[in-house]
Amino acid sequence: MEKNVEALVERGIPHIVLNPQSLTDIEEDLINTAEALNQLQRGKAAAKEFRDRLNAVKQQGVKINKKPSLYWEWWPKPIFTPGKINWLTEISEAAGAINVFHDVELASVQTDWEDVLNRKPDFICLAWVGVRKEKVQKNNVTKRPGYEKLRFVDDCKILILEEELYCRPSPRLLNGLEKLFTLIH
């Protein structure tokens, strides 16, 4: 991406570079983008709507007594999962749950299946970057060595999710959040 930005600069093409790591960053980027387009009021309105929707789910999430643990998988080989500095940790918390890798001070964590098993997630959330939901199968997980250690009664705790609702930093993350809340509670 850096080469693309350099080419834009060389050609004098107006652009902005956004790199949100959190839900607050996404909210601020709505304003920054609108400001760059001379549409500041629209950006402020979009940011307020974003914050209001997020807070509405958070209010439901804080009422959850037993917060399920979630293992998010962005990629299977090697395994990549979001860490503490990532919007999916915030999404998990807003939904009344806990990302099992919330203790790792990274945005993205490369780990292994044994580490996942040791963290004993209540749910496995598969949202593979760049892969359509229809291409992901639950048996990609159930066939892994040691899967039975999770003691899932069946595979209904493996959630195959739309990566566009969880892996791309945009207001659509709130669609994913609302869906996740319904799925895990």
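The values are calculated or read from the model by the stated rules, or taken from the named source; none is laboratory data. What you are looking at is a predicted structure, and each value in this text was computed from that prediction instead of being measured. A quick note on method: Cβ atoms are made from the backbone with ideal geometry, for glycine too, and the neighbour counts reach across all protein chains shown.
A few points about this structure:
- In region 1-19, of all residues being among the aliphatic types (A, V, I, L, M) and within 16 Å of T33 (Cα to Cα), the one that is surrounded by the most Cβ atoms within 10 Å (Cβ to Cβ) corresponds to L18.
- Residue within region 52-75 that is in contact with a Ser or Thr (Cβ under 7 Å, 6 or more places away or on another chain), surrounded by 14 or more Cβ atoms within 10 Å (Cβ to Cβ) and assigned to a helix (DSSP H, G or I) present: no
- Residue count for region 127-171, restricted to those that are under 30 Å from T33 (Cβ atoms) and of a type outside the set (D, E): 15
- Each residue in region 27-45 was checked for being in contact with a Phe, Trp or Tyr (Cβ under 9 Å, 6 or more places away or on another chain) and under 16 Å from V17 (Cβ atoms), and 1 of them qualify.
- Pick from region 120-158, criterion surrounded by fewer than 16 Cβ atoms within 10 Å (Cβ to Cβ) and among the small types (G, A, S), ranking: modelled with the highest pLDDT: G146
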